[in-house]
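Comments concern the structure below.
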Amino acid sequence: MSTTEDDRLHETRRELLDLAARNPDDARVQYRAACVHDRLGLEAEAVPFYERCLAATAPGLPDEDRRGALLGLGSTYRVLGQYARAVETLRRGVAEYPDDGGLRTFLAMALYNTGGHHEAMGILLDLLATTSEDPSVRQYRRSIGLYAKDLDSTV
């Protein structure tokens with residue numbers, strides 16, 4: 001990040017802190033404040049903003065921002081070493097947005113951190129089988145998908 005970009009982010013952060021304090025129930029403002037803190041590497045400071053934006057009822061976040069907030073909060077918990085909270089948040093995200101590959105990938109990483117290697121591998125194999133355009137993966141898509149459901153199978 002260049003000095004100019006860094007300066008702009010810090011200025012944006014100051015503005016969003018003020019705006020968030022004046023509008024604690026505005027989910028979009030809270031989400032923007034969370035994002036700028038994350039971007040600046042201030043993960044611990046981002047958490048309350050993520051939590052507030054996800055707790056807001058009306059008006060809530062548009063779907064794309066809600067996905068981003070769930071992924072951002074889960075990832076932030078993971079960075080902070082709060083692995084169980086990361087798994088809980090990312091599971092919630094995957095439940096709401098089951099086709100979101102980013103949420104599924106970050107859930108797999110958090111599961112890895114909690115010792116859930118088997119489930120993490122299954123998630124990643126399923127993601128690979130369903131999204132890869134690599135011809136050598138596509139050729140084995142069916143088998144990979146079956147292993148994703150039962151890693152101990154001999155298909």
Right, residue 95: loosely packed, with under 15 Cβ neighbours inside 10 Å, of a type in the set (A, V, I, L, M, F, W, C) and free of Cβ contacts under 8 Å to residues at least 60 places away in the same chain or not?
yes
Return the total of residues in the stretch 30-44 being free of Cβ contacts under 8 Å to residues at least 24 places away in the same chain and more than 22 Å from residue 109 (Cα to Cα).
2
Matching residues, the stretch 31-82, being assigned by TED's automatic domain parsing to the domain that holds residue 21 and in contact with a Ser or Thr (Cβ under 7 Å, 6 or more places away or on another chain):
36, 38, 43, 46, 47, 50
Might you let me know whether the stretch 99-110 holds any residue that is of a type outside the set (Val, Ile, Thr), in contact with an Asp or Glu (Cβ under 8 Å, 6 or more places away or on another chain) and touching a residue at least 24 places away in the same chain (Cβ under 8 Å)?
no
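Determine whether residue 9 is part of a helix (DSSP H, G or I), of a type in the set (A, V, I, L, M, F, W, C), touching a helix residue (DSSP H, G or I) at 6+ places or on another chain (Cβ under 9 Å) and outside the structural domain of residue 119 (by TED's automatic domain parsing).
Judged against the criteria, residue 9 is a match.
The values are calculated or read from the model by the stated rules, or taken from the named source; none is laboratory data. All values reported here derive from a predicted model rather than from experimental measurement. Using ideal geometry, Cβ is built from the backbone for each residue, glycine included, and neighbour counts are taken over all protein chains shown.
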